[in-house]
Amino acid sequence: MSKSKSIPAIRFAGFTDAWEQRKLNQLADIIGGGTPSTANPEYWDGDIDWYAPAEIGEERYADGSVRKITELGLQKSSATVLPAGRTILFTSRAGIGKTAILRCSGATNQGFQSIVLKDGINPYFIFSMSDSIKEKAETVASGSTFLEISGKMLGNLDVMIPKKPEQDMIARYFESLDSLITLHQRKYDKLVKVKKAMLEKMFPKGDAKVPEIRFAGFTDAWEQRKLNQIADTIGGGTPSTANPEYWDGDIDWYAPAEIGEERYADGSVRRITKLGLQKSSATILPAGRTILFTSRAGIGKTAILRRSGATNQGFQSIVLKDGINPYFIFSMSDSIKEKAETVASGSTFLEISGKMLGNLDVMIPSKPEQDVIAGHFEALDTLITLHQRKLEKLKTIKKSMLESMFV
């Protein structure tokens, strides 16, 4: 192997030696698991952690299993107690290559080929190359019912290894980066839970006329309205794709697939011409007071239109009248979606018409209360988006550094 292929693109200062190619079984013992008989209660509910593949997810560390076995259960099965700190649990079936560093000693069922590292190998370094090991494992895995990799096959995989001091530096870097990603993930998850709780408490439930939680100064009962009393519901259309004169103009034209997690629609993938607009049932929808609402191919995906545009026929867009705050209505999107799905119909796929959507009941407070609630949820959504973007950026950085700092 040439030296250029045995050193990473990015290295910490002071390291110049080429990395060495080793078989995984030269660095670690590969140890499978086992399951005590479930018919014998003496084997279960002991104090030995016993993992199943379903327990290995996004967490980096395995700190405790769902089920536990007894010492007798361990003896009466092929399960083995794996040492903490230097074992990487590695699922060998039911999704190959899910990994976690074992932080408390324990055993596994037969759905693992765990990597028990020898002296001189940094566990977090090996854990950081999990995706690479997984890709190699999937190429050699076999099985008719499901893919599985044996301990022998896993141990025979090639990995590139630097000296221990460089392993340690790389491991510390990725451990710090992973900790930062975990921090932002937890903040994001917490904010999403806070929003869910506030949506349930700041909008009336069932037949209630007032929400459970209100901002100070508001005491009036909310009013029940039909959606068509506070908005026009407007469908879309598609110009003939056979006529090039209808396409590549300057009018935004949305398809349902474009509506995802973003709150605002600022520009479509495809655009139509004025002639295309005239020759179809598409309509120009006003910016600022239109909520795009998908009526098929997944009912109820929403976005606030921030630049005027049109849609195809997969929408029944909600164009709000004066006195209605768009972000307030947008914030109750999930509630509108649930109601829409209960009345939608169709043999091939569920769809809701503009008339059906407009006939849905919604609860509305005074405009000042709408504005305060809208401001609260807009600020919360902005914070959620901020953490989501930081999270995505950190994950992108990690992906790039994994590609550049390993051979």
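The values are calculated or read from the model by the stated rules, or taken from the named source; none is laboratory data. Nothing here was measured: the structure is a model prediction, and the numbers come from that model. Don't worry about glycine lacking a Cβ; one is built from the backbone with ideal geometry, like all the others, and counts go over all protein chains shown. For accessibility, only protein heavy atoms count, side chains too; no ligands or nucleic acids. Shrake-Rupley method; radii C 1.70, N 1.55, O 1.52, S 1.80 Å.
Accessible surface calculations at 1.4 Å, restricted to protein heavy atoms, place region 293-381 at 40 Å² per residue.
3J(HN,Hα) couplings calculated from phi for region 333-341 with the Karplus curve 6.51 cos²θ - 1.76 cosθ + 1.60 (θ = phi - 60°) are, in sequence order, 3, 4, 5, 5, 4, 4, 5, 5, 5 Hz; Gly and Pro show x.
The chymotrypsin sites (Phe, Trp or Tyr not before Pro) of region 1-74 meeting both criteria, a DSSP state outside H, G, I, E and B (loop) and at most 16 other C-beta atoms within 10 angstrom of the site's C-beta, are Phe12, Phe15. Highest mean packing first, where packing is the average number of other Cβ atoms within 10 Å per residue, the peptides 139-145, 219-225 line up as 219-225, 139-145. The chymotrypsin sites (Phe, Trp or Tyr not before Pro) found in region 318-407 that occupy coil by DSSP, while having at most 15 further C-beta atoms within 10 Å, are Phe349. With a cut-off of 13 Å, note down the residues of region 212-243 whose backbone N falls inside the zone around a label point 7 Å from the Cα of Lys321 toward its beta carbon. Backbone N within reach: 225-233.
For the chain, modelled as a GNM whose springs connect Cα atoms under 10 angstrom apart, the maximal fluctuation among His184, His387, His376 occurs at His376.
For the residue pairs Lys205/Lys355; Lys201/Lys337; Lys164/Lys187, the C-alpha atoms sit more than 27 angstrom apart in Lys164/Lys187.
A Förster radius of 30 Å combined with the Cβ-Cβ distance from Asp158 to Asp63 puts the calculated FRET efficiency at roughly 0.45.
Of the options (i) 28.9; (ii) 31.4; (iii) 22.5, only one is mean projected area of the Cα convex hull in nm² as computed from these coordinates, and that is (i).
Please identify every one of the trypsin sites (Lys or Arg not before Pro) in region 107-163 that sits in a loop by DSSP and has no more than 13 other beta carbons within 10 Å of its own beta carbon.
On the way: sites: Lys118, Lys134, Lys136, Lys152, Lys163; in loops: Lys118, Lys163.
Qualifying residues, ordered by number: Lys118, Lys163.
Within straight-line reach of Lys98, meaning a Cα separation under 19 Å, sit the following lysines at least 8 residues removed in sequence or on another chain: Lys134, Lys136, Lys152, Lys395, Lys398, Lys399. Near the amide H of Arg271, within less than 5 Å, lie the amide hydrogens of Asp248, Gly249, all on another chain or at least 5 residues away, with H placed in the peptide plane.
Among rounded, prolate and oblate, which fits region 1-120 when a ≥ b ≥ c are the square roots of the eigenvalues of its C-alpha gyration tensor, a/c under 1.5 means rounded, and a/b larger than b/c means prolate? Could the numbers behind the result be given before it?
Details: a/c = 2.76, a/b = 2.60, b/c = 1.06.
Because a/c hits 1.5 or more and a/b exceeds b/c, region 1-120 counts as prolate.
For the chain, adding -39500 (n - 2.57) for each run of n ≥ 4 DSSP H residues and dividing by the number of residues yields -10500 deg cm²/dmol at 222 nm. Separation of region 26-73 from region 196-245 is 49 Å, based on Cα centroids.
Using a 1.4 angstrom probe, figure out how much accessible area region 39-167 has per residue, in square angstrom, rounded to the nearest whole. Could you put the intermediate results ahead of the total?
Numbers: 6000 Å² over 129 residues.
Averaged over the residues of region 39-167, the accessible area is 46 Å².
Scaled against 2.2 N^0.38 Å for its residue count N, the alpha carbon radius of gyration of region 89-150 is 1.14. Within the accessible surface of the chain, defined with a 1.4 Å probe on protein heavy atoms only, the carbon and sulfur portion equals 51 percent. Of interest is the spacing of the C-alpha centroids, which for region 97-166 and region 385-401 amounts to 26 Å.
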